[in-house]
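Visitor: My structure is below; once you've seen it, I'll send some questions.
None of the figures in this text is laboratory data; all of them are computed from the coordinates on show. Because the structure is a prediction, the values reported are computed rather than measured. Neighbour counts are summed over all protein chains in view; Cβ atoms, including those assigned to glycine, are modelled from backbone coordinates with ideal geometry.
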Amino acid sequence: MTSDKHEPTKEEAARMRKPDYDIHPLFVQRWSPRAFAAAPVRDQDLFAVLEAARWAPSAANEQPWRFIVARSDEEKKRFRAFINEGNLRWCTAAPVLLLVLSDRTMQSGRDNRAHAFDAGAAWGYLALEAANRGLITHPMGGFDREAARQALGVPDRYDLHAVVALGYRGDPAALPDDLKAREQPSQRRPALESAFAGRFGVPLG
């Protein structure tokens, strides 16, 4: 690693996150920092995280997800025109930006009611492989979807879900003061509070 990269996330997550059950450490180690280093992402790493997304499950194997990738200065400038100001405070340092979208229409012409669900699975696979490779990801819902559609030539049949910043961890000291305090792994409610036995609201366990 070059000197402007900071070891991201495994140690911080291990200190602050304690799973209640034995799971693969990668699920706990992945989180969404805002401090990015200027170091470029190698093609083999970028293509590998997209390869991981390829293998996500989808209804009828439709694979409705798509990713528009911005790497050049010109491409990232186009993205910055539709990203909300609050996110521009930190995401401009990321070497890669990706727009996650999904096709609402199946190959048969029928509506794909699972398109957003499946795109979420693909994003999850991408994020985990990024963490596996020492990269960080941070998804953003704060962007103008219609402006993005126009700027990037996205057909009407696709829904736009999130912009994802991808790169290596940078120095948190470079963040604005109010964001420095938030630069840590977030917690989660216990798993059994999200699951019910047989019907909604009935405790499981």
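Visitor: Karplus couplings for the stretch 58-73 from phi (6.51 cos²θ - 1.76 cosθ + 1.60, θ = phi - 60°), rounded to Hz, Gly and Pro as x?
Guide: Per-residue couplings from phi come out as 8, 4, 6, 6, 6, 6, x, 5, 9, 10, 9, 10, 10, 10, 6, 4 Hz.
Visitor: With +1 assigned to the C-beta of every Lys and Arg and -1 to the C-beta of every Asp and Glu, and no other charges, what is the dipole magnitude of the chain about the Cα centre in debye, to the nearest 20?
Guide: Numbers: 29 positive and 27 negative charges, 47 e Å.
Roughly 220 debye, rounded to the nearest 20.
Visitor: Could you tell me how far the Cα centroid of the stretch 38-58 sits from the Cα centroid of the stretch 93-160, in Å?
Guide: Rounded to whole Å, the Cα centres lie 13 Å apart.
Visitor: Next question, about the same structure. Where the Cα atoms of the chain are projected onto their three principal axes, how long is each span, largest first, in whole Å?
Guide: Reported extents, whole Å, longest axis first: 50, 48, 32.
Visitor: Have a look at Pro185, Ala94, Gly134 and report the one farthest towards the positive end of the charge dipole of the chain, computed about the Cα centre with Cβ charges (Lys/Arg +1, Asp/Glu -1).
Guide: Pro185
Visitor: Still on this structure, I have one more. Net charge within 12 Å of Gln184 by Cβ-Cβ distance, Lys/Arg positive one each and Asp/Glu negative one each, not counting Gln184 itself? Walk me through the intermediate numbers first.
Guide: Details: positive: Arg15, Arg17, Arg34, Lys180, Arg182; negative: Glu11, Glu12, Glu183.
Residues close to Gln184 contribute a combined charge of +2.
Visitor: Tell me, what HN-Hα J-couplings in whole Hz come from the Karplus equation 6.51 cos²θ - 1.76 cosθ + 1.60 at θ = phi - 60° for each residue of the stretch 117-128, using x for Gly and Pro?
Guide: Taking θ as phi minus 60°, the curve returns 4, 5, 5, x, 5, 5, 4, x, 4, 4, 5, 5 Hz for the stretch 117-128.
Visitor: Could I ask something else about it? Percent relative contact order of the chain, based on C-alpha pairs within less than 8 angstrom and at least six residues apart? Numbers along the way, then the final one.
Guide: On the way: 336 pairs, mean separation 64.2, N = 205.
About 31 percent, as a whole number.
Visitor: So how far apart, in nm, are the two label points at Ala121 and Phe200 if each is 7 Å from Cα heading toward Cβ?
Guide: In this crude label model, Ala121 to Phe200 measures out at 2.3 nm.
Visitor: Quick one: which residues, 5 or more positions from Gly167 or on another chain, have an amide H under 5 Å from its amide H? H modelled 1.01 Å from N in the peptide plane, none for Pro or chain starts.
Guide: Here the answer is Ile136, since their amide H atoms fall under 5 Å of that of Gly167.
Visitor: How high is the FRET efficiency from Phe67 to Arg133, r the C-beta distance, R0 22 Å, rounded to 0.05?
Guide: Details: r = 16 Å, r/R0 = 0.75.
The formula returns an efficiency of 0.85 here.
Visitor: Tabulate in residue order the Karplus-calculated ³J(HN,Hα) for the stretch 184-196, using 6.51 cos²θ - 1.76 cosθ + 1.60 with θ = phi - 60°, rounded to whole Hz; enter x for Gly and Pro.
Guide: 3J(HN,Hα) across the stretch 184-196, in whole Hz: 7, x, 7, 8, 9, 5, x, 4, 6, 7, 9, 10, 10.
Visitor: Can you tally the net charge around Thr105? Count Lys and Arg as +1, Asp and Glu as -1, for every other residue whose Cβ sits under 14 Å from the Cβ of Thr105. Can you show the working numbers first?
Guide: Values: positive: Arg66, Arg104, Arg110, Arg113, Arg157; negative: Glu62, Asp103, Asp111, Asp118, Asp156, Asp159.
For residues surrounding Thr105, the net value is -1.
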